[in-house]
1. Over the Cα atoms of region 1-75, what radius of gyration and what Dmax do you get, in Å?
2. Between region 155-181 and region 75-110, what is the C-alpha centre distance in whole Å?
3. Okay, helix-only estimate at 222 nm for the chain: each DSSP H run of n ≥ 4 adds -39500 (n - 2.57), divide by all residues, round to 500 deg cm²/dmol; what do you get?
4. State the volume of the convex hull built on the alpha-carbon positions of region 66-139, expressed per residue in Å³ and rounded to an integer.
5. Taking the dipole about the Cα centre of the chain, with the C-beta of Lys and Arg at +1 and of Asp and Glu at -1, give me whichever of Pro61, Gly95, Leu2 is farthest to the positive side.
6. Can you list residues whose amide H is under 5 Å from Leu3's amide H, if they're 5+ apart or on another chain and H is modeled 1.01 Å from N?
7. If you place +1 on the Cβ of every Lys and Arg and -1 on the Cβ of every Asp and Glu, how big does the dipole about the Cα centre of region 53-181 come out, in debye to the nearest 20?
8. Please figure out what share of the DSSP beta bridges in the chain is antiparallel and state it in percent, rounded to the nearest 5.
Amino acid sequence: ILLVVAPERRREMEELLREAGIRKPVRVVDGGAVRQDSVIAGVEAARPQFGTLAIHDGARPLIEPDQIDACVAAARERGAVALAAPVTDTLRRSGADGQLTGGVDREGLWAMQTPQVFRRDLLMRALAAARASGEAFTDETSAVGAIGEPVFVVSHTAWNPKITFPRDLELASAWLEARTR
């Protein structure tokens, strides 16, 4: 396991790992200024014998092992996959003034999540192309898609929240507390 972190937080993360008593080997790697740079740092730090690489956001701490396993198995078969949930909310477009202008059909729309799992050679090619073009992608599926390679969805409906706002952390904490009772 590689934990890619902001360089200024490296010592803090190493200390947290020691205190947590994690049994699996974890190596801390310095990340970059943006996500894509951090992913590149992680990929470059990964041992060459690993032919399949999984990228997972630390902002999604409640991932279930079966979700990871499903993504890894699918990536070994298909090359590039990402965990995603079908969009269930009603989606609308608006103009710059905020006036609603139309609806969006949800059919075939997915809320992309992590892990995103790739054949190593495919991910390295996509990241090299992204670096060469200067384009910054918000996730690795976009980088792989930009080089014309297919990416497949691993569908799920389990809760895999992204902790973005304080209320997200409150909800996740309450969920964990209820689960351990």
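Bear in mind these aren't lab numbers, they're just calculated from the coordinates by the rules spelled out. From a predicted model like this one, the values you see are computed outputs, not experimental measurements. Methodologically, a virtual Cβ is constructed for each residue, glycine included, from the backbone with ideal geometry; neighbour enumeration extends over all protein chains shown.
1. When restricted to Cα atoms, region 1-75 yields Rg and Dmax of 13.0, 35 Å.
2. After rounding, the separation between the Cα centres reads 22 Å.
3. Helix-only estimate at 222 nm: -12000 deg cm²/dmol.
4. 125 Å³
5. Value computed over the given set: Leu2.
6. So Leu3 has HN proximity to Arg27, Val28, Val29.
7. The dipole of region 53-181 has a size of about 120 debye.
8. Around 65 percent of the beta bridges assigned by DSSP in the chain are antiparallel ones.
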